[in-house]
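Trainee: Pasting a structure here, questions to come.
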Amino acid sequence: MRAVVFPRPGAFEVADVPRPEPGPGQVLVRVRACMICATDKKILDGRFAGTRFPIVPGHEMAGEVVGTDRRVGVEVHVGCGTCDRCREGLYNLCLNYGRRETGHAHIGFTIDGGLAEYAAIPASALHDLPAHVSFEEGAWTDNLGVALWALERGRIAAGDRVVVIGPGAIGLCASQLARALGAACVTLVGHAGARLERARPFADEVLDEAQVEARAGTADLVVEFAGTAQAARDALRLARRGGRVVLGGATGQGVELSGVDLSTIVRGHLDVMGSVANPKGVSGRALTVLARGGVDVRPLITHRFPLDRFADAWATFLERRDGAIRVMLLPGEN
Ligand SMILES: [Zn+2]
Ligand SMILES: [Zn+2]
């Protein structure tokens with residue numbers, strides 16, 4: 001079969017490789033849609049400790065289970081199921097991370113993923129796609145779960161004034177989900193420019209960073225998916241006293257937070273939380289919101305390529321050509 005392969009850090013190719021054989025608890029999925037994201041760049045650069053090369057990347061994916069008519073989206077984290085965190089349902093925090101022999105899998109990170117015609121996927125990672133949800137929409141299964149989990153971490157409530165920092169793919173899912181969950185007002189914050197302009201339909205208002213100060217202390221809930229120290233400072237600044245702040249952007253090491261007066265948190269009586277990935281089948285509930293029209297991911301898919309044109313897709317995404325948000329690879333199409 002054709003697959004994108006990262007043979008070693010810094011190198012990629014589209015190659016003919018053997019079709020994977022599902023192991024215990026796994027099923028063979030014919031991949032119909034798979035996107036690329038900034039995390040794939042971290043993997044390629046060798047900055048992801050759990051990855052062993054060569055690897056087939058790809059984790060934002062949907063397809064059909066071979067030999068059935070099941071159409072499925074894939075959730076990225078699979079826990080061992082027996083460690084203390086997995087037993088709490090927090091399998092995204094599995095204590096056996098990267099140890100395949102325990103059953104743990106991080107799809108496209110520690111086991112081969114979906115930038116291929118076929119992938120062997122643990123059955124526990126699959127979510128059935130609701131009727132009328134396309135494969136391209138289903139490829140958002142994990143992203144929608146990430147966004148919904150951050151909002152739920154922040155105890156979103158109907159009537160909340162919500163701010164989302166970071167107008168990328170996950171932020172635009174979060175802003176739409178916040179609306180669907182009854183937020184009174186959703187504000188998106190980002191760098192002024194084409195990408196922020198593209199975000200306008202997905203929020204009630206859009207602010208660039210220079211406008212943050214005027215809104216200090218006004219948000220019931222702030223969710224951050226930008227990953228910079230400035231975004232975290234803005235998030236703390238925007239929350240009202242007694243408000244909630246969820247930081248979800250800085251998933252890699254190396255971003256330090258300075259310049260925060262701790263009284264902002266203490267006297268501000270803030271709940272400040274980190275959020276990574278999504279546990280507890282949140283992705284499945286997010287798909288239900290999608291199926292009911294609460295979220296529309298189709299406008300966020302800005303480019304499409306057949307798998308063999310991965311190099312073009314990769315450059316389009318990395319260079320944000322034409323304001324690229326998500327670039328879709330379509331295995332099996334030419
Ligand atoms: Zn991703
Ligand atoms: Zn575990």
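The values are calculated or read from the model by the stated rules, or taken from the named source; none is laboratory data. What you see is a predicted model; the values in this text were computed from it and never measured. Here the Cβ is made from the backbone with ideal geometry for all residues, glycine too, and neighbour counts use every protein chain on show.
Trainee: Would you be able to tell me the number of residues in the range 189-228 that are surrounded by fewer than 17 Cβ atoms within 10 Å (Cβ to Cβ) and at positive phi?
Mentor: Final tally of qualifying residues: 2.
Trainee: Follow-up question, since we're still on this one. Given the conditions (1) at pLDDT 95 or above; (2) within 27 Å of His77 (Cβ to Cβ), report the number of the one that Pro306 does not fulfil.
Mentor: Failed condition: (2).
Trainee: Looking at the range 23-30, is at least one residue within 21 Å of Asn143 (Cα to Cα), buried (at least 20 other Cβ atoms within 10 Å of the Cβ) and among the charged types (D, E, K, R)?
Mentor: no
Trainee: If I ask for residues that are hydroxyl-bearing (Ser, Thr, Tyr) and either more than 19 Å from Val56 (Cβ to Cβ) or surrounded by fewer than 22 Cβ atoms within 10 Å (Cβ to Cβ) (or both), which ones from the range 111-150 would you list?
Mentor: Of everything in the range 111-150, those that are hydroxyl-bearing (Ser, Thr, Tyr) and either more than 19 Å from Val56 (Cβ to Cβ) or surrounded by fewer than 22 Cβ atoms within 10 Å (Cβ to Cβ) (or both) turn out to be Ser124, Ser134.
Trainee: Can I ask one more? Does Thr82 qualify as being within 16 Å of ligand 1 (Cβ to nearest atom) and either part of a strand (DSSP E or B) or assigned by TED's automatic domain parsing to the domain that holds Val17 (or both)?
Mentor: Considered against the rule, which asks whether it is within 16 Å of ligand 1 (Cβ to nearest atom) and either part of a strand (DSSP E or B) or assigned by TED's automatic domain parsing to the domain that holds Val17 (or both), Thr82 comes out as no.
Trainee: With the requirement that a residue be touching a residue at least 60 places away in the same chain (Cβ under 8 Å), in contact with a Ser or Thr (Cβ under 9 Å, 6 or more places away or on another chain) and over 15 Å from Ala3 (Cα atoms), what does the range 28-59 give you?
Mentor: Result: Thr39, Lys42, Ile43, Phe48, Gly50.
Trainee: Residues that are away from ligand 1 (no atom under 16 Å from the Cβ): find the helices (runs of 4 or more DSSP H) completely inside the range 114-183 holding 2 or more of those.
Mentor: 141-153, 169-180
Trainee: Taking the condition of being among the hydrophobic types (A, V, I, L, M, F, W, C), touching a His at 6+ places or on another chain (Cβ under 8 Å) and farther than 18 Å from Ala119 by Cβ, how many residues in the range 313-332 meet it?
Mentor: Result for the range 313-332: 3.
Trainee: Any chance you could count how many residues in the range 54-70 are crowded, with 20+ Cβ neighbours inside 10 Å and either within 12 Å of Ala125 (Cα to Cα) or not hydrophobic (A, V, I, L, M, F, W, C) (or both)?
Mentor: Adding up the residues that qualify gives 7.
Trainee: Which fully enclosed strands (runs of 3 or more DSSP E) of the range 229-334 have 3 or more residues being on the phi < 0 side of the Ramachandran plot and buried (at least 16 other Cβ atoms within 10 Å of the Cβ)?
Mentor: In the range 229-334, 239-247, 301-306, 326-330 are the strands (runs of 3 or more DSSP E) which contain 3 or more residues that are on the phi < 0 side of the Ramachandran plot and buried (at least 16 other Cβ atoms within 10 Å of the Cβ).
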